[in-house]
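Read-outs throughout are calculated quantities, based only on the coordinates presented, and are distinct from any laboratory measurement. These numbers were taken from a predicted model, which means no experiment stands behind them. Neighbour counts are summed over all protein chains in view; Cβ atoms, including those assigned to glycine, are modelled from backbone coordinates with ideal geometry.
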Amino acid sequence: MLYPQLSDPDRPSVHNWLELLDSELAQLGDGERVVIAHSLAVPLWLHAVSREPGVAQTDRVLLVSPPSPPYCPEGVEAAYPDLRLDTTIVPGGGHLDRDSGYGPWPSILACCRDSAARIEPNWPSHVSMPIPDRRRRDGDDVA
């Protein structure tokens with residue numbers, strides 16, 4: 001497991017971050033590859049895979065809390081319209097980080113270990129439990 005630290009998050013450098021990402025991916029070897037990208041790492045990942053198909057081959061990718069303006073004002077789905085993403089929207093989830101009341105999330109770990117596992121909300125104590133919106137890019141409901 002690798003947990004790269006992206007340099008200078010207040011002033012992102014796509015060039016520097018892509019170099020780091022390439023270096024980290026090269027260290028993973030031939031085993032199963034599961035990528036979790038959070039916040040600004042989401043457009044970094046999407047940029048990486050769009051620049052050269054196959055460069056970032058993985059078994060599963062989880063994109064968590066794509067950034068809001070000013071980093072991606074049009075939204076991830078509009079910026080990358082060719083993606084067909086299964087999504088789970090967590091109402092009231094905020095940025096899905098510790099400041100939003102999130103900590104350990106067992107179903108995320110389960111998804112990393114098993115491609116058949118589904119993400120389940122991990123409601124922090126301050127959030128009521130609304131039903132998550134599960135949808136696919138093609139408009140069909142996700143089971």
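Take each peptide in 98-104, 44-50, 1-7, count the other Cβ atoms within 10 Å of every residue, and average; sorted highest first, the result is 44-50, 98-104, 1-7. Annotation: amide H of residue 36 within the under-5 Å range of 62, sequence separation 5 or more or interchain, hydrogens built in the peptide plane. Shown in residue order for segment 28-44 are the 3J(HN,Hα) couplings computed by the Karplus curve 6.51 cos²θ - 1.76 cosθ + 1.60 at θ = phi - 60°: 6, x, 9, x, 4, 10, 10, 10, 10, 10, 10, 6, 5, 6, 5, x, 4 Hz (x for Gly and Pro).
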